[in-house]
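Enquirer: Supplied in C-alpha cells, the structure appears directly below.
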Amino acid sequence: MSAAKPLLSLPALPKPGARIDLPTLTGSADALALAELASQSKGRLLAVVTASAADAQRLLEEIPWFAPGLKVRLLPDWETLPYDHFSPHQDLVSERLATLWAALQGDLEILLVPASTAVNRLAPTGFLAAYTFEFKKGQKLDAEKFRSQVTLAGYAHVTQVVSPGEYSIRGGLIDLFPMGSQLPYRLDLFDDEIESIKTFDVDTQRTVYPVPEVRLLPAREFPMDDKGRTHFRQAFRERFDGDPAKSGIYKDISTGIASAGIEYYLPLFFDETATLFDYLPADALFVTHGDAPAAIAAFWNDTRSRYNLLQGDKARPLLAPEELFLSDEAFFSAAKSYGRLAIPAKNKTGDRPQFPDSENRGLSPVLPNLAVDRRSDDPLGALKSCLASFGGRVLLLAETAGRRETLAAMFVEHGIKPEASADFAGFVDSDAKLALGIGPLQAGFALDKLALITETELFAGSPRRTRREAARKASFDNWLKDLTELKVGDPVVHESHGIARYRGLVRMDLGLGEQEFLELHYANEAKLFVPVAQLHVISRYSGADPESAPLHTLGSGQWEKAKRKAAEQAHDTAAELLALYAARAARQGHAFAFSENDYEAFADGFGFEETNDQAQAIAAVIEDMRSGKPMDRLVCGDVGFGKTEVALRAAFCAVAGGKQVAVLCPTTLL
C-alpha cells in the first residue's frame, strides 16, 4: 500500500482530548483503514481496543497484508476466566511480555488489545526494566551470576529446554528460551566469555543461525524473588483476615511455587499496579473498534458475578474486582486525554449503500450476492454480472496457494481470466482490471474504484472450512503432546528403557528446586522418574492389548535387543517393499480426469463440514486417482467417523473419469 495514494477518505487525526467517529466500514475495510491511519500518524502509536479477541486476531493477520512494513502486535488475553484456578499458557505470557516491552521501547506502530484484556491491571513499567537482561557476543559471563540473574527473572532450570521461561547449563553451554522469543538460544562459553550465540531447534536440538545478542525478559508478569515473595506475604496478611497458613496460595508462594491462578493475586506483589495507559506514549492515538464499550461493561458485570459466586472460599480468598480490573467508567476516563477514534460496529447490510451504487469514497458499500451456484448452467453468473456493472478494478482473493489454483481453473472454465497478483501493493500499482491473488481477509469490501472479493462471498452458504477456522494439521505419529493424554496405569514406551506403566505425576526436589516427574514402573517393581521437560522421549504403547503389555527390566539390555531385532526385521521388510514399489512404479495406472466445478458441486451436497482427518483423506485419495499410478491406500476409521463420505467422493471421481463403481458394504450396517 502506498502512503501517497490513500484508498479511503479518512479525517485528519484528532488532537489530544478530541474524538472523531469514523464511518461504518464493511468486510475487512477496517483493517485497511487502520493501516492507512498508522501510515498517516507518522510514528504515533495506534492503540486499538477491539470488542472481541477474535476481531483482534483477525486484524493482526489482515493489517500486515495491506501494509507489510507496519509493526503490529497483539496483547493477548490470558484465556482464563476471572478467578480461575489455573494459569495462562506460557506462550501467551511470553507474547504479552514481548508486546508490553515493545510498547515501552516505542518499537510498535499498532497495538491490538481485546476489550477484556485492556481493563486488566498490569505490572508496573519499572518491573520489566528491572528484570530484563541482555547478553552479547564477547561479553564476560559468570555462570553462577547468570544462574542467579535468570532465577531472579523467574526462569526454571531444566535438563532440556523446550518452552519459553526455561534454561539449562551444561558445562560451557547455556541453553535459554527467553520470553517473547520464537526460538531458544544457545550460548557457547570459552572460559568466562560468550564465544557465540546461536538459535536452535527445540525438536532436533541443532543450532540454526548465529545472532549477536539476546534479550532476556522476565518469565512471569510478577516477581518470584525473595523481595517479591516477601511483599506478597505481607500484603496477603494485611489484605485478608484469618490464618494465612491455612491458604494454599500463601504456602506455595512462601516456598517459591507459583500456584495455578496466581495471576489473579498480582496486585499483592507490588506497591502499585499499572494499567494499559501507563505503557502508551502520551501522543498515542486511542481507537475503539466495534462495540468495545459494551464489551467492557459486559466483562465487568461477568467479573462481578463470578466474584460474588466464589468469594466464600476461606482457603482461597479473592481480591475485589476493582483491585484487578478497571471499571468501564475508569477506563474511558483515563482514555480521554488521548486523541480518540471510533470505528463503529458493522451494521446490518440493509442500512448500508449497495455496491456499486455508493459515491462516497469514505464509505464502503455492501457487496451484492456473489455466491457460486453449482447447479446453475452458469455457476459464476452473479460474479460476472457484478464485474460487468462495476466500473472499477477487482481483486479476487483465495485463502491459500492451492485454493488459488483451484479457483483459477474454475474461472478459466467459465470464461473469466484474471491476471495473477503477488500482493495487495502490486495490484494497486498495476493496471490490471481483474486479478487473482492470495490474502487472509475474512470478508471482501468495495470502494468507489476498487473491490476486493474473497472466498467468503464466492462460497457463501457452503459448509466448507476457512483457513482461519481450520485446526492445526493433525499429526499421525505416536508422540505424546500433552500430559492429559496419559492415564494412570497406561503402558508407555521410553525410547531408551522400553515398556513401562505410567503411575502418575510426582514432585521432587533434587537440589534445583521442586520439579514434576512422570513415575514409570518397570518389571521387578523398578521405578524410573522422567522429568516433564523430557516428555518427548515417551510414546504410547501401540501393542494389541494394553492390559497385558510386557514390562521390560531396567538395565537388562532386553530393550536394546528388542530394538535391534525390530531394526533387522524392518530392514528385511523395507527391502521387500522397495522391490514391490519399484515394480508398481514401473506400471502405468489410470489417471481419472473430471471437472473441478462438477466435483465441487457434488461435494457441496454433503450437509456436514469435513473434519481435518476427513479432509486429509479426501485430498490424498483424489491425488492418488489423478496421478496415473497404481493406487495403494487404505482408509481406516471407527464407525460413524465419515469413511463413507470419503468413499462417495472417490466414487464420483471414478464415474466422472469414465469408470464403473461398485460399493460393497455389510448390509447389517449400511
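The values are calculated or read from the model by the stated rules, or taken from the named source; none is laboratory data. Keep in mind the model is a prediction, meaning the values are calculated, not measured. Ideal geometry is used to build each Cβ from the backbone, glycine not excepted, and the neighbour counts take in all protein chains shown. Protein only, heavy atoms only, side chains kept; ligands, DNA and RNA dropped before computing areas. Shrake-Rupley method; radii C 1.70, N 1.55, O 1.52, S 1.80 Å.
Enquirer: LEU104: under 15 Å from LEU217 (Cα atoms) and not aromatic (Phe, Trp, Tyr), yes or no?
Expert: Yes; evaluated as a whole, the condition is true for this residue.
Enquirer: Quick one: which strands (runs of 3 or more DSSP E) lie wholly within the range 392-462 and hold at least 1 residues that are of a type in the set (S, T, N, Q)?
Expert: Once the strands (runs of 3 or more DSSP E) in the range 392-462 are filtered for at least 1 residues that are of a type in the set (S, T, N, Q), what remains is 450-454.
Enquirer: Can you name every residue in the range 300-349 that is touching a Ser or Thr at 6+ places or on another chain (Cβ under 9 Å), part of a loop (DSSP other than H, G, I, E, B) and of a type in the set (Gly, Ala, Ser)?
Expert: ALA315, ALA345, listed by residue number.
Enquirer: Please tell me if PHE594 is part of a loop (DSSP other than H, G, I, E, B) and out of contact with any strand residue (DSSP E or B) (no Cβ under 9 Å at 6 or more places or on another chain).
Expert: So PHE594 fits the description; yes.
Enquirer: Now for a different question. Condition first: in contact (Cβ under 8 Å) with a residue 24 or more places away in the chain, surrounded by fewer than 15 Cβ atoms within 10 Å (Cβ to Cβ) and in a strand (DSSP E or B). Now tell me which residues in the range 183-195 satisfy that.
Expert: If the condition is that a residue be in contact (Cβ under 8 Å) with a residue 24 or more places away in the chain, surrounded by fewer than 15 Cβ atoms within 10 Å (Cβ to Cβ) and in a strand (DSSP E or B), then GLU193, GLU195 are the ones that fit.
Enquirer: I would also like to ask the following. What single numbered condition from (1) among the hydrophobic types (A, V, I, L, M, F, W, C); (2) in a strand (DSSP E or B); (3) modelled with pLDDT under 95 fails to hold for ALA12?
Expert: (2)
Enquirer: While we're here: Going by the conditions given, is THR466 closer than 20 Å to TRP65 by Cβ and modelled with pLDDT of 90 or more?
Expert: no
Enquirer: Tell me which residues, restricted to the range 269-291, are over 29 Å from the mean Cα position of the chain (by Cα) and part of a helix (DSSP H, G or I).
Expert: The one that is over 29 Å from the mean Cα position of the chain (by Cα) and part of a helix (DSSP H, G or I): PHE269.
Enquirer: Under 7 Å between Cβ atoms, which residue pairs at least 6 apart in sequence (or on different chains) link something in the range 633-648 that is open to solvent by 80 Å² or more (accessible area, probe 1.4 Å) with a partner that is of a type in the set (A, V, I, L, M, F, W, C)?
Expert: ARG633/ALA620; ARG633/VAL621
Enquirer: Let me ask you something else. Has the range 31-47 got at least one residue that is within 21 Å of ALA295 (Cβ to Cβ) and surrounded by fewer than 18 Cβ atoms within 10 Å (Cβ to Cβ)?
Expert: Looking through the range 31-47, none of the residues is within 21 Å of ALA295 (Cβ to Cβ) and surrounded by fewer than 18 Cβ atoms within 10 Å (Cβ to Cβ).
Enquirer: Looking at (1) modelled with pLDDT under 90; (2) assigned to a helix (DSSP H, G or I), which is the one condition that is false for ARG649?
Expert: Of (1) modelled with pLDDT under 90; (2) assigned to a helix (DSSP H, G or I), only one is false for ARG649: (1).
Enquirer: Go through (1) open to solvent by 20 Å² or more (accessible area, probe 1.4 Å); (2) under 20 Å from GLY27 (Cβ atoms); (3) not in a loop (DSSP other than H, G, I, E, B) and name the single condition PRO368 misses.
Expert: Checking PRO368 against (1) open to solvent by 20 Å² or more (accessible area, probe 1.4 Å); (2) under 20 Å from GLY27 (Cβ atoms); (3) not in a loop (DSSP other than H, G, I, E, B), the one that fails is (3).
Enquirer: Something else now. Given the residues ALA47, ALA38, ALA56, which is the only one that is under 15 Å from ILE343 (Cα atoms), within 25 Å of the chain's Cα centre (by Cα) and not in a helix (DSSP H, G or I)?
Expert: Every option except ALA47 fails the conditions.
Enquirer: Would you pick out the residues in the range 374-396 that are under 18 Å from ALA409 (Cβ atoms) and among the acidic types (Asp, Glu)?
Expert: Once the filter is applied, which keeps residues that are under 18 Å from ALA409 (Cβ atoms) and among the acidic types (Asp, Glu), the range 374-396 yields only ASP378.
Enquirer: Also, quick follow-up: Which residue out of TYR307, TYR264 is under 31 Å from the mean Cα position of the chain (by Cα), at pLDDT 90 or above, more than 26 Å from THR99 (Cβ to Cβ) and surrounded by 14 or more Cβ atoms within 10 Å (Cβ to Cβ)?
Expert: TYR307
Enquirer: Have a look at GLY180, GLY138, GLY106, GLY126 and point out the one that is free of Cβ contacts under 8 Å to residues at least 60 places away in the same chain, open to solvent by 10 Å² or more (accessible area, probe 1.4 Å) and either in contact with a Pro (Cβ under 9 Å, 6 or more places away or on another chain) or farther than 22 Å from TYR264 by Cα (or both).
Expert: The match here is GLY138.
Enquirer: Over 40 Å from the mean Cα position of the chain (by Cα), open to solvent by less than 40 Å² (accessible area, probe 1.4 Å) and farther than 30 Å from HIS521 by Cβ - does that describe any residue in the range 602-617?
Expert: Scanning the range 602-617 turns up no residue that is over 40 Å from the mean Cα position of the chain (by Cα), open to solvent by less than 40 Å² (accessible area, probe 1.4 Å) and farther than 30 Å from HIS521 by Cβ.
Enquirer: Also: For ARG584, which of the numbered conditions (1) farther than 30 Å from ASP378 by Cβ; (2) of a type outside the set (Ser, Thr, Tyr); (3) touching a Ser or Thr at 6+ places or on another chain (Cβ under 9 Å); (4) in a helix (DSSP H, G or I) fails to hold?
Expert: Among (1) farther than 30 Å from ASP378 by Cβ; (2) of a type outside the set (Ser, Thr, Tyr); (3) touching a Ser or Thr at 6+ places or on another chain (Cβ under 9 Å); (4) in a helix (DSSP H, G or I), ARG584 violates only (3).
Enquirer: Restricted to the range 210-261, and to residues that are loosely packed, with under 15 Cβ neighbours inside 10 Å and among the aliphatic types (A, V, I, L, M), which residue is nearest to THR199 (Cα to Cα)?
Expert: Filtering first and then ranking leaves VAL211.
Enquirer: Name the pairs whose Cβ atoms lie under 8 Å apart, with the first residue in the range 220-234 and more than 22 Å from PRO164 (Cβ to Cβ), the second of a type in the set (Phe, Trp, Tyr), and 6 or more positions between them or separate chains?
Expert: HIS231/PHE269; HIS231/PHE270; PHE232/TYR265; PHE232/PHE269; ARG233/TYR250
Enquirer: Of all residues in the range 518-555 being among the small types (Gly, Ala, Ser) and over 12 Å from SER496 (Cα atoms), which is nearest to the chain's Cα centre (by Cα)?
Expert: ALA533
Enquirer: Something else about it: Just to verify a result, which residue in the range 163-172, among those that are under 31 Å from the mean Cα position of the chain (by Cα) and surrounded by fewer than 19 Cβ atoms within 10 Å (Cβ to Cβ), is nearest to LEU535 (Cα to Cα)?
Expert: Among those residues, the one meeting the criterion is SER163.
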